[in-house]
Each structure stands twice: as C-alpha cells, then as structure tokens.
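Below is one structure, written out as structure tokens; comments come after it.
The values are calculated or read from the model by the stated rules, or taken from the named source; none is laboratory data. Note that the coordinates shown come from a computational prediction; the quantities given were computed from them, not determined experimentally. Neighbour counts run over all protein chains shown; Cβ positions are idealised from the backbone, glycine included. When the accessible area is computed, the model is the full protein with side chains, heavy atoms only, and any ligands, DNA or RNA have been set aside. Shrake-Rupley method; radii C 1.70, N 1.55, O 1.52, S 1.80 Å.
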Amino acid sequence: MSVLSRVSAPAATHDLASRVAALLSNPERAAPRDLPGSVGDQLPEDNRLTRSVAGKLITGPTGLGTSAARISSWCPAAARVSTGRVSAGRPTDGGSDSELYCPAALRDDKALGEEVNDRQVDWAEQVGIYPGQLDRVRAANFGRLMMLTHPATDDPDRLLAASKCVLAEWATDDHFLDEEFLGADALVIGSRLGITYAAVDPADLPVGYAPQLEAALSAEPVAVAYRSAFDHLARYASATQVARLRHELSVMCMAYNHEANWRATGRVPPVWEYLTHRHENSFLPLMVLVDPISGYELPAAEFADRRVRRVFFLAGSASVWAWLGGNREWHSTTEGYHGASNA
C-alpha cells in the first residue's frame, strides 16, 4: 500500500468488482469450505438498519471502488491515489449488478483541498518522510482526499490534522515494509515497529535509558511524523478519540508483522488467512478520525457495539480490497498474497 506506487498506478478497469466477488465466492481456492453464510443471514432480525447497510456493502448497485476512488473523475493527479472509478446511481437496465457502490461526494471544494495539500507537503518536508520524493507526495493529493472524506468541516487546520495522521500511516508501510530505498526490511520490521510505536503511545523509561529511546525516535522519520501528527490531532480530539486511534494503529502494526512474515519466509498464505490479515490491516485507522475531525464524539457503547464495528470493518476491508484490486503495480509484485489475480 505504498504512497509512491499509488502515484504511478493506472486506473482500475471495470472487472475489479467481479474479481473481488469471485475471490469471496470461491472458498475452495485454499480457503476452508465451511465459510459462514451471507452477512444478512448472520445479523439479528430486529436490526434492519445494520442489515440494510451490510447488504449494500455486499451487493451494492453501481460503480467501482470506494468513496476515495471518486477523486479520479475530478483530478488526474488524485486519480493515482485511488485507482478505481465509481458511479452513484443504480442500474436502470435491469441487468445484474456486480460492481461496487459509492455515494456521491457531499462537497468538492478544490481550493480547500489544494490548501491542505500544500500544508501537507510542507509538513512532510519538516518531519523528514519521503526525502527527495515531495513531488510525488504532492501528486498523491492527500489534502484533496481529506477534503472529500471530511465534508463536515471546512477548517483547513482540522483537515490537516487528519491528513498528517493518514500520511504517517502510509509512511509506516513504505519505510518499514514496501520501499527498500526508504529502509524497508521484512527481517527487522518487528523491532522498528516496536520502537516507533513509542511515539504513538509514549513510553516512560527509567531516567538512565530514556535518552537512548529519545535518540532512536528522533532518528526515525516515521516516529517524528507520528509525534507531530498526534500533537496536532490533540487540538481537536478527546483523550478517548486519541486512544481509539492508538488502538487501531497497534492492530495495524501487528498486521504489518503478519505480512512481513510472509515476505521473509516466502510463504503464500491461503485466502482465508489473507482476508483475516485484511480485517486487521484495512482503512480503519483512517475511519476513526471521522468524528474528531467532524467535531463530535461517538459514545463508547456505540463505538464498541459489535454491529457498528461490523459495518466499520466491512467498509474498511471493502475499501482496501478495491484499492488493491485496482493497483496493478502492487498486484505484479505481491501476486500470491491475495489470490484474486487468478480469479
């Protein structure tokens, strides 16, 4: 899920949804035969709202990709960030619907997106991530992505807070797992993640050892980025909301170690294991930013409710599957990991 590969990836063709559908409907391809039934069959009968939302996620009307993918129809540079195209309407010809659904964007303020993107690039230079690659960071257009993702605010500073968190997360993938020229090495990712996470959730070491940890964090651009991003987010997020992001990032770090094991050993996981990995390594860290950036807080009971979490997980997983399915460069280098390339 490299930022750099996203910039150069071609747009997805319209066979993406059918490939995802084929992957999920064919458990005999290395996955167990006793997969659970449809999402609707597993939901409580009295929860019509959850049933309706989940049904749309699985069998939605038209379009390819995710909400972020809609950017591609508006901005050539951002088209490389999301690699699919979507349409919001339902089919009118009565034909079968095998494509993924995405509602229309609620607003498109190009000037606001550009302002956030300019600030984002300046910040990336300050913290030291993507040295010599700032033109590609700009082309990825995360500022525009945040403007489209968070329509509840037109404050560029709030949007920048989200954008910093998102870019720090992508930089983790690039620096630790995907881009060798940035230092990625599957053999040492565990120790690097373990140290860097101390920037996400500060560690209090004995006085004699604290300077050594501080030196290590200061020398790691991703850790510097996380510290800066969390400091900025704290202007708008409650302690609970910050803790939720920390939790999702800790899960993401575990998933990065999971993937690194495949790379280090050369083992190709079966589909069920890959999908489990994607449950843990999806777009959930980005999604938990919605309420602090929008200026409200989802109550703890609702945030933790299994039905709410299920919808979040489905949305996060569907988004990442659509992105990976459209990113042919990623497919060509990690073809065995997803099992979809032969669908």
Single match in 134, 217 (criterion: free of Cβ contacts under 8 Å to residues at least 24 places away in the same chain, over 20 Å from the mean Cα position of the chain (by Cα) and open to solvent by less than 10 Å² (accessible area, probe 1.4 Å)):
217
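Taking residue 122, is it in contact (Cβ under 8 Å) with a residue 40 or more places away in the chain, surrounded by fewer than 24 Cβ atoms within 10 Å (Cβ to Cβ) and at negative phi? It would help to see each step written out before you state the result.
Working: in contact (Cβ under 8 Å) with a residue 40 or more places away in the chain: no; surrounded by fewer than 24 Cβ atoms within 10 Å (Cβ to Cβ): yes; at negative phi: yes.
Spelling it out, it is not the case that residue 122 is in contact (Cβ under 8 Å) with a residue 40 or more places away in the chain, surrounded by fewer than 24 Cβ atoms within 10 Å (Cβ to Cβ) and at negative phi.
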Which numbered condition in (1) under 25 Å from residue 159 (Cα atoms); (2) open to solvent by less than 50 Å² (accessible area, probe 1.4 Å); (3) not β-branched (Val, Ile, Thr) is the only one that residue 202 fails?
(2)
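A quick yes/no check of all residues on (1) within 28 Å of residue 145 (Cβ to Cβ); (2) open to solvent by 40 Å² or more (accessible area, probe 1.4 Å):
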position	(1), (2)
262	no, no
268	no, yes
271	no, no
275	yes, yes
278	yes, no
287	yes, yes
290	yes, yes
294	yes, no
From (1) in contact with a Ser or Thr (Cβ under 7 Å, 6 or more places away or on another chain); (2) surrounded by fewer than 23 Cβ atoms within 10 Å (Cβ to Cβ); (3) in a helix (DSSP H, G or I), pick out the condition that doesn't hold for residue 157.
(1)
Restricting attention to region 165-183, does a residue exist that is open to solvent by 40 Å² or more (accessible area, probe 1.4 Å) and under 24 Å from residue 292 (Cβ atoms)?
no
Could you figure out which of (1) more than 21 Å from the chain's Cα centre (by Cα); (2) open to solvent by 20 Å² or more (accessible area, probe 1.4 Å) isn't true of residue 152?
(1)
Those residues that are of a type in the set (A, V, I, L, M) and closer than 25 Å to residue 243 by Cα, I need them from region 178-206; list them, please.
189, 193, 195, 198, 199, 200, 203, 205
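Do we find that residue 196 is surrounded by 17 or more Cβ atoms within 10 Å (Cβ to Cβ), assigned to a loop (DSSP other than H, G, I, E, B), out of contact with any Cys (no Cβ under 6 Å at 6 or more places or on another chain) and modelled with pLDDT of 95 or more in this structure? Outline the logic, then answer.
Values: surrounded by 17 or more Cβ atoms within 10 Å (Cβ to Cβ): yes; assigned to a loop (DSSP other than H, G, I, E, B): no; out of contact with any Cys (no Cβ under 6 Å at 6 or more places or on another chain): yes; modelled with pLDDT of 95 or more: yes.
No: the conditions fail for residue 196.
Mind counting the residues in region 215-229 that are β-branched (Val, Ile, Thr) and over 13 Å from residue 182 (Cβ atoms)? Before the answer, list the steps.
Narrowing region 215-229 to residues β-branched (Val, Ile, Thr): 222, 224.
Checking which are over 13 Å from residue 182 (Cβ atoms) leaves us with 224.
The number of residues fulfilling the criteria is 1.
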Flagged in region 200-213 as in a helix (DSSP H, G or I) and more than 20 Å from the chain's Cα centre (by Cα), in numbering order, are 210, 211, 212, 213
What pairs can you find where one residue is in region 304-324 and open to solvent by 30 Å² or more (accessible area, probe 1.4 Å), the other is of a type in the set (Ser, Thr, Tyr), and their Cβ atoms are less than 6 Å apart, with a gap of 6+ or different chains?
307/50
Are any residues in region 223-260 open to solvent by 50 Å² or more (accessible area, probe 1.4 Å) and among the basic types (Lys, Arg), and if so, which ones?
227, 235, 246
